Amino acid sequence: MFLQRGKTLKPIYRYSGNGYKEFLKEFEDEVSHSKEKIEAFKKEQKKQKRELAEFKEKFAEKSKKAKPQNAAEKGRVNRGEKKALQQITQKKQDLLNDKDKPEAVELNESIRLLVPNECKVSNGKVMLQFETPLFKIKDRVLSKNIKLYIQGPEKVVIIGDNGKGKSTLLNEILTYLKNLNDSSVNVGYLPQNYQETLENSTLSPVDILKKHSDDITTIKTLLGHMNFKRDDMDKSISLLSGGQKCKTLITSLLLQKPNFLFLDEPTNNLYPLSNRAFRQFLIDFPGAALIISHDRMVINEVATKVYKLTNNGLELIK
């Protein structure tokens, strides 16, 4: 079952097959059929409007030519004409009523992400060389002898059981890079708990993105690519969905033009079709990426290396 958001969209699309690829194929076919039905409905509406206009014009000409013998007959003719006109008009308007319009099935959560040229790194560029003998939170040791080396546009995914400290490790590596103060490494970070940060924010998506660009046209174009409606661009972000919050912050990353992405469970709040577009963006991204994820498709399609965080360090499993 796939849920769609939007007043003109069919709220629930039911799928009875097996597998994600089969779902996409069937869903895209349904999108095509939906467009054909809506186009046919619009064509019929135009036909009915044309016929109604022609009928009114002919009726007016007929009324002008009519010559009642007396006032009583004239009143009777006028009442009859008016009633006939109302009946025909009502019949045509019923056919034009949008309540009978077929519900749309759309790829309404599909997004487009344009990669800035500044994000590119060379194959030989060392992006990260991190080591720590003890990885701990306060006095609790989570792991030992952690080593992580990333060179060029690698996409490294770290997996592991919940509570192992993956997000904490990502932040520790991020702090390490910031302290190096290497101007050739521009980090873009998407945290896992961004919803908590934005929950009470009165800023709109446009306000948030203005921190990285003064070009409102570019900002709104990028949000449009993220499938934002115009009204939503200027709403308080606390009123928007988790997916819209996520897409706002992804757009923020694009404006920062990073060459090293730090992403903590980035696909948690994306719909399947947006998820697919975001995975393709990561595959095409010409910089490096360090990603915490449980998403099997991110792991299988995006990762050039996969490490598992264990008690004894990072174990390379792919």
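A few notes on this one:
- Sub-6 Å Cβ pairs linking a first residue in segment 49-72 that is surrounded by 10 or more Cβ atoms within 10 Å (Cβ to Cβ) to a second residue that is of a type outside the set (A, V, I, L, M, F, W, C) and modelled with pLDDT under 70, at least 6 apart or interchain, are 52/92; 63/81; 68/74, ordered by first then second residue.
- Failed criterion for residue 232 (all others in (1) modelled with pLDDT of 90 or more; (2) part of a loop (DSSP other than H, G, I, E, B); (3) not small (Gly, Ala, Ser) hold): (2)
- Looking only at residues of segment 185-229 that are among the acidic types (Asp, Glu) and in a loop (DSSP other than H, G, I, E, B), we find that the one that is farthest from the chain's Cα centre (by Cα) is 214.
- Selection status of residue 176, in a helix (DSSP H, G or I) and among the aromatic types (Phe, Trp, Tyr): yes
- Pick from segment 185-232, criterion touching a residue at least 60 places away in the same chain (Cβ under 8 Å) and of a type in the set (Val, Ile, Thr), ranking: farthest from residue 125 (Cα to Cα): 187
- The requirement of being over 22 Å from residue 174 (Cβ atoms), in contact with an Asp or Glu (Cβ under 9 Å, 6 or more places away or on another chain) and in the same structural domain as residue 212 (by TED's automatic domain parsing) is fulfilled somewhere in segment 282-289, by at least one residue.
- Of the residues making up segment 135-175, those that are over 20 Å from residue 312 (Cβ atoms) and either buried (at least 18 other Cβ atoms within 10 Å of the Cβ) or not assigned by TED's automatic domain parsing to the domain that holds residue 293 (or both) are 150, 153, 154, 155.
- Matching residues, segment 238-275, being touching a Pro at 6+ places or on another chain (Cβ under 9 Å), farther than 30 Å from residue 184 by Cβ and buried (at least 21 other Cβ atoms within 10 Å of the Cβ): 244, 245
- Taking each residue of segment 123-152 that is more than 23 Å from residue 260 (Cα to Cα) and looking for partners that are part of a strand (DSSP E or B) and of a type in the set (Val, Ile, Thr) with beta-carbon atoms closer than 9 Å, six or more apart or interchain, yields 133/146; 134/141; 134/146; 143/132; 143/310; 144/132; 145/132.
- Residue, nearest to residue 173 (Cα to Cα), within segment 124-134, restricted to residues that are of a type in the set (A, V, I, L, M, F, W, C) and crowded, with 16+ Cβ neighbours inside 10 Å: 130
- Among the residues of segment 192-212, those that are polar (S, T, N, Q) and either touching a Pro at 6+ places or on another chain (Cβ under 9 Å) or closer than 21 Å to residue 268 by Cα (or both) comprise 192, 193, 195, 197, 200, 201.
- Selection from segment 214-223 of residues that are surrounded by fewer than 21 Cβ atoms within 10 Å (Cβ to Cβ) and within 11 Å of residue 247 (Cβ to Cβ): none
- Check on residue 310, surrounded by fewer than 21 Cβ atoms within 10 Å (Cβ to Cβ) and among the β-branched types (Val, Ile, Thr): yes
- Set 187, 121: member being buried (at least 17 other Cβ atoms within 10 Å of the Cβ) and closer than 30 Å to residue 241 by Cβ: 187
The values are calculated or read from the model by the stated rules, or taken from the named source; none is laboratory data. None of the values given here were measured: they were computed from a predicted structure. A quick note on method: Cβ atoms are made from the backbone with ideal geometry, for glycine too, and the neighbour counts reach across all protein chains shown.
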